[in-house]
Structure formats: structure tokens, C-alpha cells
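The values are calculated or read from the model by the stated rules, or taken from the named source; none is laboratory data. Note that the structure is predicted; figures quoted are calculated from it, not measured. Every residue, glycine as well, gets a Cβ built from its backbone with ideal geometry; the counts of neighbours run over all protein chains shown.
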Amino acid sequence: MNTRQIALAGTLLAIVFLAHAAGRFFQIGGAQLAPSIAIYTLIALLLAPQMSWGPLVGIGIAVGVLTMVATSSPFPPANIPAHGLAFLLAAGLTKAWGRGSAELPVGKIVGILGATLLVSWTLFSSISWLGLLPTGHPLLGRSFDVFGVVAGQGLAFWWLFGFLTVAVPTFIIGLILTPLLYRAVRPALVRQGMIPVTDRGV
């Protein structure tokens, strides 16, 4: 990992923090919107093809810690495995799908974003629920009404409620931001020599 890559990763990680902190204003039923997912997926798309797993793991840890600090969720530590591992999934998929490709097509970008979001929300909701069990948090006894179709208590209903009210809007944000930023930022980084013209998997 060279100094330019470190500077790029540091800048994007700062944006991850700010984006996750901004999501605090959209707290819905124990979870918040996470536009940060669009940004750390972008980090994976830009850096994973030419970066080894050691630095990528370091970035994943940083993503987890930064989202934990910026969160408004009732169990902040859940952000570390949820977002950290989701970033590593995005990096792995980028390496697998982008090997030898000069630029990932939009379809693959959307697929990586969708898989990252699904894993992130599933890990976050499950770990948060387990972490809150000893505390008797009010969230555990809440009945979740999913658009008036089904309602109930427990992790499964919270997962479904949060998926529809938080994860889906987060995906829509990423659907706009991630491909747009990737197409805008990547050519500039190639011209500056920060990433190679043709990415090859490590």
C-alpha cells in the first residue's frame, strides 16, 4: 500500500465517518440510514483489485470502528463486525468480479452493493439483538408493524422491519451514489497513477 493509496483510503474513510454520522438524523426503530455503505463499497471498488488482503483488513477494521463511533444505534459495537466484514465482502467480490477488467460495469457494482448491504444489515441486526438481550432494552419488547401487513415481536420481525424501512432506502441511496462516484473518481485516479489502467487481482 503506497502513500497515495493511504491518502486516498484516509480521505474516503473520513467521508465514511461523516456519512454515517449524517445517518443519525434518520433513526428508525433502532437502526439508522447508512449512506456510509455506498462510500465504503466505493473504497473496495477502487482499491481492492490491486491491494493485498493485509491492508484491506486494516481498512475493514477502520470502517467498523468509525461507524461505531458515528452511530446512534442502541448497541454501537455491532457496527464493527457488521460494517467491517461487509467491507471485506465488497473487497472480495470486487477482486473476484473485476479481475483483469479496466472498469466494472454498473450491473456488477449494483450486485456488490446489494450483497454488501444484505450482509451488513443481517450482521448488524443479529449482533445488536444479541447484545441487547442482557440489558432488557425496550427494543426487545417492541411490536414491529411492517406496513400494516404483518406485525410481531422478536429478531425476525425487527430484521424485516429494518430491512424495509432502513436497508432498502439505504440501498436506493447507494444505487445512485456508488456507480456515479465510481465512474467520476476512477478515471481521475487512473490519470494520476494512483490505480493502474487495468486492475489485476492480487
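Restricting the stretch 130-144 to residues that are assigned to a helix (DSSP H, G or I), without any contact (Cβ under 8 Å) to a residue 40 or more places away in the chain and not hydrophobic (A, V, I, L, M, F, W, C) leaves a set whose member that is surrounded by the fewest Cβ atoms within 10 Å (Cβ to Cβ) is Pro134. Of the candidates Ala82, Ala34, the single residue that is among the small types (Gly, Ala, Ser), modelled with pLDDT under 95, more than 30 Å from Arg191 (Cβ to Cβ) and crowded, with 24+ Cβ neighbours inside 10 Å is Ala34.
Identify, from the list Ala115, Ala96, Ala102, the residue that is surrounded by fewer than 18 Cβ atoms within 10 Å (Cβ to Cβ), assigned to a loop (DSSP other than H, G, I, E, B) and not β-branched (Val, Ile, Thr). Quick ask: steps written out before the conclusion?
Numbers: Ala115 fails: assigned to a loop (DSSP other than H, G, I, E, B); Ala96 fails: assigned to a loop (DSSP other than H, G, I, E, B).
Going through Ala115, Ala96, Ala102 in turn, the sole match is Ala102.
Being more than 21 Å from Asn79 (Cβ to Cβ) and out of contact with any helix residue (DSSP H, G or I) (no Cβ under 9 Å at 6 or more places or on another chain) is the requirement here; does Phe157 meet it? Spelling it out, Phe157 is indeed more than 21 Å from Asn79 (Cβ to Cβ) and out of contact with any helix residue (DSSP H, G or I) (no Cβ under 9 Å at 6 or more places or on another chain).
Does Ala44 meet the test of being modelled with pLDDT under 95, buried (at least 21 other Cβ atoms within 10 Å of the Cβ), of a type in the set (A, V, I, L, M, F, W, C) and under 19 Å from Thr178 (Cα atoms)? When the stated conditions are applied, Ala44 does not pass them. Condition test on Val197, is it crowded, with 18+ Cβ neighbours inside 10 Å and either at pLDDT below 95 or not in a helix (DSSP H, G or I) (or both)? Considered against the rule, which asks whether it is crowded, with 18+ Cβ neighbours inside 10 Å and either at pLDDT below 95 or not in a helix (DSSP H, G or I) (or both), Val197 comes out as no.
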